[in-house]
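First comes the structure, then the notes that go with it.
The values are calculated or read from the model by the stated rules, or taken from the named source; none is laboratory data. Model, not experiment: these values are computed from the prediction. Positions of Cβ are backbone-derived with ideal geometry, glycine not excepted, and every protein chain shown enters the neighbour counts.
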Amino acid sequence: MLSTMRRALRHGRDLLPVEGFTFDRPLVVLQSDDWGRAGISDRNAWNELRSLGLNLGEHSYDFYSLETAGDVAELISLLLRHSDSTGRCARLGMNFILANVDFAKVKAGGFRQIFLCTLANGLPEGWSRPGLFEAYREGIQTSVLSPALHGLTHFCRRAMERHLSDSSSRGILLRTLWDAGTPYIHERMPWAGFEYWDPERTRESFLPPETQQDLIASAVKAFAEVFSRPPRSACAPGYRANWATHKGWAANGIRVAQNGPGRMIAPHFDANGILHLYRSLDFEPGINDGFSLVDCLHSAREYFARSLPLIVSLHSINFHSTLKNFRGPTIALLDQFLSAVEANNSNLLYLTDEDLYRVIETGMLESPHGTVRIRARKQKFISRAVAAGRTA
């Protein structure tokens, strides 16, 4: 009954007019999730988990590890090779998870409570990624990497803590993973949920507003400790965000909310003054067996034809190389994609989320050759009709 009501509510929202923005030139925004989030540390940990009975290798995310300095360096090199019509290099918004499980402290406490190790304090005991944080900083200094907020943790801590010390198969799996320095593998434990979303809460899956507010405030503080500034853009883990999330973000200075793909909706502001962006396509060759470069280019043409920004989703696993070489094929395909988009759009611009926010607010963008004027036109859309190119 509840799911039926939710579908009806969403259907009603889809028929309401939304004041969104279109633009007078093609804009490309690259958004990427899960940076800084630990998975399986290395081949030794992989082998240990296999020896304990986990049949790893069945799913793409069984190979999720953590980026290396080399992975980030290859990404920076690719972005620096591409530039738009003003000479601005391609740039990638990196949504960071700001803390990982402090496995040693949790084990010392008898698996009764979750303790975290924030990125400002490095990686958990047993993890080694030489030069990784320096690589982040290099990309940020050259303006091709733009950090944004993903969350404090990717999983829901309340959901995890329910099973920390119990004797069920869930508790056994959790402790097995944590003994091996691995926080979780989502495909194998969907009950872990996402930071603001507990799938097994009885009445409402989203956490209470006050709980979300505390989590967001902690994440913003941890972000500022790493990047020496507060975040301005955010994407909820699993795209699970509701009105309470948006209100909490706004109260903590977030100005842009990143939403998942699936509906062609123009950028628009909500009642909190947050600009909502919707991803146009998944560029995920590492995790999508049916990935098609041709389909991605077709989507790009559709968005540009409707004067909407092309917002591309690339999760960090696509650049990993520790357990499986996702990086090589992704770099090659992304190189081809950006080259084709540049060749077909002579007035293309590469923007970050914050750039797009400023363009809407001021109509201007700073480039190596001076100020560029961009017209952001406001018009009413019916959400469901946007895919057909119709306005309200």
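Can you name every residue in the range 57-103 that is free of Cβ contacts under 8 Å to residues at least 24 places away in the same chain and in contact with a Phe, Trp or Tyr (Cβ under 9 Å, 6 or more places away or on another chain)?
Answer for the range 57-103, where residues must be free of Cβ contacts under 8 Å to residues at least 24 places away in the same chain and in contact with a Phe, Trp or Tyr (Cβ under 9 Å, 6 or more places away or on another chain): 57, 102.
What do you reckon, is residue 60 in contact with a Leu (Cβ under 6 Å, 6 or more places away or on another chain) and closer than 29 Å to residue 338 by Cβ?
no
At least 3 residues that are among the polar types (S, T, N, Q) in each: list the helices (runs of 4 or more DSSP H) lying fully within the range 194-309 that qualify.
By residue number, 209-227.
For residue 337, state whether it is in contact with a Gly (Cβ under 8 Å, 6 or more places away or on another chain) and surrounded by 14 or more Cβ atoms within 10 Å (Cβ to Cβ).
no
Which number in (1) surrounded by 13 or more Cβ atoms within 10 Å (Cβ to Cβ); (2) at pLDDT 95 or above; (3) under 26 Å from the mean Cα position of the chain (by Cα); (4) farther than 23 Å from residue 36 by Cα marks the one condition that residue 383 misses?
Of the numbered conditions (1) surrounded by 13 or more Cβ atoms within 10 Å (Cβ to Cβ); (2) at pLDDT 95 or above; (3) under 26 Å from the mean Cα position of the chain (by Cα); (4) farther than 23 Å from residue 36 by Cα, the odd one out for residue 383 is (2).
Go through the residues of the range 323-333 one by one and say whether even a single one is of a type in the set (Val, Ile, Thr) and in contact with a Pro (Cβ under 8 Å, 6 or more places away or on another chain).
yes
For the range 310-327, how many residues are among the basic types (Lys, Arg) and either touching a His at 6+ places or on another chain (Cβ under 7 Å) or crowded, with 23+ Cβ neighbours inside 10 Å (or both)?
1
Go through (1) loosely packed, with under 15 Cβ neighbours inside 10 Å; (2) closer than 14 Å to residue 37 by Cβ for residue 134 and report which single condition fails.
Among (1) loosely packed, with under 15 Cβ neighbours inside 10 Å; (2) closer than 14 Å to residue 37 by Cβ, the lone unmet condition for residue 134 is (2).
Restricting attention to the range 71-113, which residues are more than 30 Å from residue 27 (Cα to Cα), in contact with a strand residue (DSSP E or B) (Cβ under 6 Å, 6 or more places away or on another chain) and not acidic (Asp, Glu)?
99, 100
Quick one: residue 342 ticks every box in (1) under 27 Å from residue 255 (Cβ atoms); (2) of a type in the set (Asp, Glu); (3) touching a His at 6+ places or on another chain (Cβ under 7 Å) bar one, so which box is it?
(1)
Select from the range 109-127 the residues that are modelled with pLDDT of 95 or more and of a type in the set (Gly, Ala, Ser) and write down the one among them that is nearest to residue 175 (Cα to Cα).
122
Only one of 321, 313, 307 is among the small types (Gly, Ala, Ser), touching an Asp or Glu at 6+ places or on another chain (Cβ under 8 Å) and on the phi > 0 side of the Ramachandran plot. Can you tell me which?
When all the criteria are applied, what remains is 307.
May I ask you to say which residue of 265, 274, 185, 254 is touching a strand residue (DSSP E or B) at 6+ places or on another chain (Cβ under 7 Å), at pLDDT below 95 and crowded, with 16+ Cβ neighbours inside 10 Å?
265
Output the number of residues of the range 8-42 satisfying the condition of being loosely packed, with under 15 Cβ neighbours inside 10 Å and modelled with pLDDT of 95 or more.
Count: 1.
Looking at (1) surrounded by 14 or more Cβ atoms within 10 Å (Cβ to Cβ); (2) at pLDDT 95 or above; (3) among the small types (Gly, Ala, Ser), which is the one condition that is false for residue 332?
Only one criterion in (1) surrounded by 14 or more Cβ atoms within 10 Å (Cβ to Cβ); (2) at pLDDT 95 or above; (3) among the small types (Gly, Ala, Ser) is unmet by residue 332, namely (1).
Looking at the range 163-187, which of its residues are of a type in the set (Lys, Arg) and without any contact (Cβ under 8 Å) to a residue 24 or more places away in the chain?
170
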